[in-house]
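Scroll down for the structure; my scribbles are underneath it.
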């Protein structure tokens, strides 16, 4: 009973945060409600016995990714979004469709699923067993994700930097003013070939 | 561990479905490009919840490892996506997706 009450409590917080994300018009309010959603989802993970996932949910999602979002919002000085009439037809047709789909899925899940239950604490999701699985069965995907992260870092730096800021070497402003960008890029291309 | 109290699996799936639907709705109706991006994160969170619920249901730990990978991909996607948003803002001076309708200016 206590677990069900906790599930309902955090689930209601979660859904309320998700709806608040849709209702709010300022991006920073949406970002903060998304933090609420992620924190309550971490509590749900704890109820499922997934300690490690709950910890990295708070650290990576609610910590790192949302800080990145809020940093971007403040960097771009994003204001309130404007109301546009362009997609009114899409809203009128799409929102009832989504609601009908959600109701259908919920109905199927309620009526056509066996009533087996998730037992609390039956699964050990501690870091030790996760790491044992991660470094034995999932070793190759794990290493591939490190390459993915590296590519993402380089891509983010290249995309977010001003044009020409990456290729320019560390020189004094006077020397940087004198040297021409064109021949340097040609030379770089020749080296790559 | 006493397992007298148990939460049925459909409850978790319904919560996960609600989160996913909220993400889809936000993706469709929001006009701010950053909020649209946050809706994508909301959808990923809904999927993660169903992953963990099924992992607990079938007593298989790989579901939680998949959640780990989803989080890694989400982090990479957030970094690249926000960089793209910064580049878009630098060229268009707007975050409204209705005004970003050309690939090349």
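The values are calculated or read from the model by the stated rules, or taken from the named source; none is laboratory data. These numbers come from a predicted model, not from an experiment. Glycine also receives a Cβ, built like all others from the backbone with ideal geometry; neighbour counts cover every protein chain displayed.
Conditions tested, residue by residue: (1) on the phi > 0 side of the Ramachandran plot; (2) touching a residue at least 12 places away in the same chain (Cβ under 8 Å); (3) within 9 Å of another protein chain (Cβ to nearest Cβ).
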residue: B:50; (1), (2), (3): no, yes, no
residue: B:73; (1), (2), (3): no, no, yes
residue: B:85; (1), (2), (3): no, yes, yes
residue: B:88; (1), (2), (3): no, yes, no
residue: B:100; (1), (2), (3): no, yes, no
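Of the residues making up the stretch A:47-61, those that are assigned to a helix (DSSP H, G or I) and buried (at least 19 other Cβ atoms within 10 Å of the Cβ) are A:47, A:52, A:53, A:54, A:56, A:57, A:61. Screening B:87, B:55, B:78 for residues that are touching a helix residue (DSSP H, G or I) at 6+ places or on another chain (Cβ under 7 Å), more than 22 Å from residue B:26 (Cα to Cα) and surrounded by 19 or more Cβ atoms within 10 Å (Cβ to Cβ) leaves exactly one candidate, B:55.
Taking the stretch A:1-27 as the range and being more than 7 Å from chain B (Cβ to nearest Cβ), at pLDDT 90 or above and touching a helix residue (DSSP H, G or I) at 6+ places or on another chain (Cβ under 7 Å) as the test, the residues that pass are A:10, A:13, A:17, A:20.
Just one of the numbered conditions (1) out of contact with any helix residue (DSSP H, G or I) (no Cβ under 7 Å at 6 or more places or on another chain); (2) more than 7 Å from chain A (Cβ to nearest Cβ); (3) surrounded by 21 or more Cβ atoms within 10 Å (Cβ to Cβ) is not true of residue B:46: (1).
Would you be able to say whether some residue in the stretch B:5-23 is more than 16 Å from residue A:10 (Cβ to Cβ), in a helix (DSSP H, G or I) and touching a strand residue (DSSP E or B) at 6+ places or on another chain (Cβ under 7 Å)? Looking through the stretch B:5-23, at least one residue is more than 16 Å from residue A:10 (Cβ to Cβ), in a helix (DSSP H, G or I) and touching a strand residue (DSSP E or B) at 6+ places or on another chain (Cβ under 7 Å). With respect to the stated conditions, residue B:14 fails to be at pLDDT 90 or above and over 23 Å from residue A:104 (Cβ atoms).
Please verify whether the stretch B:51-58 includes one or more residues that are part of a helix (DSSP H, G or I) and in contact with a strand residue (DSSP E or B) (Cβ under 6 Å, 6 or more places away or on another chain). Yes, that holds for at least one residue. For the stretch B:90-105, a tally of residues being part of a helix (DSSP H, G or I) and buried (at least 18 other Cβ atoms within 10 Å of the Cβ) returns 1.
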